[in-house]
Amino acid sequence: MSEAATTPETVTVDLPLATLSRVPRVIDTNDALAAAILELSSGSGPFGVDAERASGFRYSSRAYLIQVSRRGGGTHLIDPIAFDDLAGLGELLATDEWILHAATQDLACLAEVGLIPTKLFDTELGSRLAGLHRVGLGSVVAELLGLHLAKEHSAADWSTRPIPQEWLVYAALDVELLPDLRDALAAVLEAAGKTHIAEQEFANLLLWKPAEPKTDPWRRLSGLQTLTTPRHLAVARELWIARDQLAESIDTGPGRIIPDRAIVAAAFRLPSSRGALAAIKEFNGRFSRRELGRWWDAVEGGLSTDDLPPMRVRGNGLSTPRNWKDRHPEAHARFVCVRESMSTIAEKMSIPIENLALPEMIRRICYEPPADFTPSSVAHWLRDAGAREWQIELLHSELSKCFVRVAEDPTEFLTAAAVTDE
């Protein structure tokens, strides 16, 4: 790849397999942002939108680069860290559809800076609904546009300043191809008779919100299962909390401070002194020695606390269906029957089974179905649970049939081979 400077605002890039002709400079001044908004407003059609974070490098999930492209309106790379207010950009973007790939990865960080869509087209979700076997952006671009899209910078530290030029090439391409990809994918969906399905799914994305934080997030420590007593867990918990507080205060990925294996090793050994903690070979990381006092305070807290965590906690959701067979046999039989029916529908429609309905929704209706097994009652239950109309249309009669069959004779489903919980 060769690069040659042209104007102060652009860099020409030799990309024989793609359509990118220039890489915009990063916008980090009010004047440049105003010019970008004006240029975008002169274009037409939907906006290709993308955001780059610094996952693993930073504690926050904020956007460190926002890319916007529009036919006739250019491609623009915006540094959101440089601005207190992106209201003008948000007002413009609200006037037309956004095109994103895997929208739920970016919606939260975009909303954090005031950028909220009013209409969406998700090319990753659309690819799933279209029945494509590989739905990563590079794969979909290759299949539908015949272009090669390098993805080597997807996991880069986008908080780096200045952002390296080759990263900007990657970022610009990611968004500049979205309008063409959207049109190609829309044609595939239309040919398959799935436009109405995609429209309902995209509209539902506008209601998407990040999942609530889980209780006891420290229990996600890698290797925690090797700890065998509540006291071990208490030390691990206190070390995790201390690491998390430091990570948040300096906006650094927790794993870059001390790794999970360090916390688990210290909790397993229950060191009796600061020196014993420092001597643990696995206890390493950027801040293992610099913040040794912090970590020892955490260990002491875990060793002395009376608030010992239980070895296991019961989740708020249902137990997994593989555990229902003995305690809840009819629920298990309903789940087996429903999964078989959904697998048939998914294959016929060329839609992943998980897109036919949320797995948790299916588990719950199998565990606690409506008292009346009629199709209308099942449809009403699904609608109240948040299913889209296309999902209800495909599923309500089949679920009703399963519930009736199991009520009459669950035997065949209780003796069926084990099924997955999803």
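Would you say ALA242 is of a type outside the set (Asp, Glu), closer than 30 Å to ASP157 by Cα, without any contact (Cβ under 8 Å) to a residue 40 or more places away in the chain and not in a loop (DSSP other than H, G, I, E, B)?
Here the answer is no, as ALA242 does not meet what is asked.
Give me a count of the residues in the range 120-149 that are among the charged types (D, E, K, R), closer than 25 Å to TRP208 by Cα and more than 19 Å from the chain's Cα centre (by Cα).
0
If I ask for residues that are modelled with pLDDT of 95 or more and buried (at least 16 other Cβ atoms within 10 Å of the Cβ), which ones from the range 271-285 would you list?
Those that are modelled with pLDDT of 95 or more and buried (at least 16 other Cβ atoms within 10 Å of the Cβ): PRO271, LEU277.
Please verify whether LEU132 is among the hydrophobic types (A, V, I, L, M, F, W, C), buried (at least 20 other Cβ atoms within 10 Å of the Cβ) and either modelled with pLDDT of 95 or more or assigned to a helix (DSSP H, G or I) (or both), treating the condition exactly as stated.
no
In the range 78-124, which residue that is touching a helix residue (DSSP H, G or I) at 6+ places or on another chain (Cβ under 6 Å) and under 23 Å from VAL140 (Cα atoms) is surrounded by the most Cβ atoms within 10 Å (Cβ to Cβ)?
Among those that are touching a helix residue (DSSP H, G or I) at 6+ places or on another chain (Cβ under 6 Å) and under 23 Å from VAL140 (Cα atoms), it is ILE99.
All but one of (1) within 16 Å of ALA331 (Cβ to Cβ); (2) of a type outside the set (A, V, I, L, M, F, W, C); (3) touching a residue at least 24 places away in the same chain (Cβ under 8 Å) hold for GLU354; state the number of the condition that does not hold.
In the conditions (1) within 16 Å of ALA331 (Cβ to Cβ); (2) of a type outside the set (A, V, I, L, M, F, W, C); (3) touching a residue at least 24 places away in the same chain (Cβ under 8 Å), GLU354 misses (1) alone.
Check ARG237 against each of (1) surrounded by fewer than 20 Cβ atoms within 10 Å (Cβ to Cβ); (2) in contact (Cβ under 8 Å) with a residue 60 or more places away in the chain and name the one condition it does not meet.
Checking ARG237 against (1) surrounded by fewer than 20 Cβ atoms within 10 Å (Cβ to Cβ); (2) in contact (Cβ under 8 Å) with a residue 60 or more places away in the chain, the one that fails is (1).
Would you call LEU185 surrounded by 22 or more Cβ atoms within 10 Å (Cβ to Cβ) and either out of contact with any Phe, Trp or Tyr (no Cβ under 7 Å at 6 or more places or on another chain) or of a type in the set (A, V, I, L, M) (or both)?
yes
ILE257 versus (1) hydrophobic (A, V, I, L, M, F, W, C); (2) out of contact with any Asp or Glu (no Cβ under 9 Å at 6 or more places or on another chain); (3) within 18 Å of ARG237 (Cβ to Cβ): which is the lone unmet condition?
Just one mismatch for ILE257, condition (2).
Just to be sure, is LEU168 of a type outside the set (S, T, N, Q) and either surrounded by 15 or more Cβ atoms within 10 Å (Cβ to Cβ) or in contact with a helix residue (DSSP H, G or I) (Cβ under 6 Å, 6 or more places away or on another chain) (or both)?
yes
Right, ILE365: within 28 Å of the chain's Cα centre (by Cα), modelled with pLDDT of 95 or more, surrounded by 18 or more Cβ atoms within 10 Å (Cβ to Cβ) and more than 29 Å from VAL135 (Cα to Cα) or not?
yes
In the list GLU166, GLU190, GLU124, which residue meets the criterion of being part of a helix (DSSP H, G or I), under 19 Å from ALA54 (Cα atoms) and among the acidic types (Asp, Glu)?
GLU166
So PRO213 ticks every box in (1) assigned to a helix (DSSP H, G or I); (2) at pLDDT below 95 but one. Which box is left unticked?
(1)
Condition check: modelled with pLDDT under 95 and in a strand (DSSP E or B). Does VAL68 satisfy that?
No.
Just for the range 401-422: of the residues that are in contact with a helix residue (DSSP H, G or I) (Cβ under 7 Å, 6 or more places away or on another chain) and at pLDDT 65 or above, which one is nearest to THR374 (Cα to Cα)?
PHE403
The values are calculated or read from the model by the stated rules, or taken from the named source; none is laboratory data. These figures come from a predicted structure and were not determined experimentally. Cβ atoms come from the backbone with ideal geometry, glycine included; neighbour counts cover every protein chain shown.
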